[in-house]
Amino acid sequence: MKRRTFLGSGVSLPLGASIAAGWSLPARASGSPIVVGQSAALTGAQAGFGTAIRDGIQAALQATNRGGGINGRPVSLLSLDDVGDKARTEANVAALVANRQVVSLTGFTTRPCSEAAAMMAARDSIALVGAFSGTPLLYGEKAATTFTTRASYERELEAIVRHYRFLGAERFGFVHLEDAKSTNVPLLESILARLGGKLSVTAGVDRKGPGMNAAAIKTLEGNKPEVLIILANNAPLTSFLREYAPRTLVLPKMVISFVDREKLLAELGADAAGVGFSVVVPEYTKEKYTVVRSFLHEAKSMNIAVTPVSLEGYITGLALAEGLRQAKGESRAALVEGMGRVSSLDLGYTSIRFSKSERTGSRFVDLSLASRNAGLV
């Protein structure tokens with residue numbers, strides 16, 4: 001099928017935007033670029049997430065473009081900075097959607113920003129592929145054009161509860177972001193209702209910093225759980241664990257994947273011993289998986305940090321590229337349909353699978369634990 005030209009030869013850049021086609025455009029991928037748009041926290045307290053997701057996506061696009069792009073055309077990522085702010089995200093999404101050169105959205109970060117973007121994408125019938133959040137809305141009908149590339153928070157919470165219920169734990173505590181309490185506390189309660197166990201204590205922390213940490217620790221010490229599950233970002237979590245972890249060495253503390261784990265481990269040092277993590281991608285040390293080996297190769301060539309978050313971005317970029325290959329046309333609607341035809345993107349550890357009725361691409365969850373001397377086990 002002869003492809004029509006639907007992208008202009010140039011790309012209009014809003015203020016504060018950056019554009020890259022995986023750093024460079026090899027000769028085999030030429031012509032006008034296929035442009036995908038991102039809004040993420042590239043500066044501010046959430047920048048670790050946003051830049052890592054961006055870098056991972058760009059690494060996947062570099063690999064795609066080196067292989068000839070999509071029907072000979074390079075794929076470029078247009079990134080806008082939202083500093084982790086919902087209002088800025090909404091403005092950025094409006095600008096990206098208004099730019100008819102942008103065929104898809106990708107790489108959003110944080111629950112408020114990802115939810116807002118997903119609902120706007122559904123309203124404007126444009127695909128949103130991959131967000132660094134497992135919040136329930138992204139997996140439901142309100143996000144009808146969102147294709148997730150990571151397991152949901154529900155899956156992560158369920159994996160942790162199943163593990164510790166098997167070990168005999170009954171009383172669970174939960175540290176959550178205060179602004180997500182109404183979403184995530186009922187989610188954990190429903191899982192415990194299915195699997196057994198009791199939510200004995202909850203404590204909220206502030207997404208923007210440690211201001212609520214003292215009250216949270218006081219609440220936990222007044223009602224000691226057998227297992228503590230934590231769904232929070234780095235801003236409050238580093239100081240929370242630095243103070244709380246040494247007091248509770250024998251208490252299992254499991255952190256959901258919404259965290260810059262490597263930064264947290266580096267900042268905690270010896271205090272990280274005994275802190276566990278759920279992950280939604282394989283460990284980047286597991287080079288037996290093809291996707292890990294290819295990611296490490298691209299990351300080295302681009303000199304980007306190797307973290308679970310950048311690997312997640314890489315996988316998102318691969319899924320998006322496969323959707324572009326499957327699209328039978330050049331409209332935004334064609335890409336939505338193309339994503340639904342990504343029926344088996346083999347990553348080694350799992351396969352990304354979408355269909356017309358299934359937009360959850362991966363259900364993979366693994367658990368790891370920080371040891372005192374042997375790193376993550």
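The values are calculated or read from the model by the stated rules, or taken from the named source; none is laboratory data. In this text the structure is predicted, and so the values were computed from the model without any measurement. Don't worry about glycine lacking a Cβ; one is built from the backbone with ideal geometry, like all the others, and counts go over all protein chains shown. Note: accessible area is taken over every heavy atom of the protein model, side chains too, but ligands, DNA and RNA are not part of it. Shrake-Rupley method; radii C 1.70, N 1.55, O 1.52, S 1.80 Å.
Observations on the model:
- Residue that is modelled with the lowest pLDDT, among those in the range 327-362 that are charged (D, E, K, R) and loosely packed, with under 14 Cβ neighbours inside 10 Å: Lys356
- Subset of the range 286-307 [touching a residue at least 60 places away in the same chain (Cβ under 8 Å) and either hydrophobic (A, V, I, L, M, F, W, C) or over 17 Å from Arg54 (Cβ atoms) (or both)]: Lys286, Lys288, Tyr289, Ser294, Phe295, Ala299, Met302, Ile304, Ala305
- Residue within the range 247-269 that is within 19 Å of Leu318 (Cα to Cα), of a type in the set (Asp, Glu) and under 18 Å from the mean Cα position of the chain (by Cα) present: no
- Boolean, Arg155 is touching a Pro at 6+ places or on another chain (Cβ under 8 Å), open to solvent by 10 Å² or more (accessible area, probe 1.4 Å) and not acidic (Asp, Glu): no
- Close pairs from the range 48-66: first under 21 Å from Thr238 (Cα atoms) and without any contact (Cβ under 8 Å) to a residue 40 or more places away in the chain, partner surrounded by fewer than 24 Cβ atoms within 10 Å (Cβ to Cβ) and of a type outside the set (Phe, Trp, Tyr), Cβ under 9 Å, at least 6 apart: Thr51/Leu42; Thr51/Thr43; Thr51/Ile304; Thr51/Ala305
- Screening Val161, Val205 for residues that are within 22 Å of Ala131 (Cβ to Cβ), touching a residue at least 24 places away in the same chain (Cβ under 8 Å), surrounded by 18 or more Cβ atoms within 10 Å (Cβ to Cβ) and in contact with a helix residue (DSSP H, G or I) (Cβ under 8 Å, 6 or more places away or on another chain) leaves exactly one candidate, Val205.
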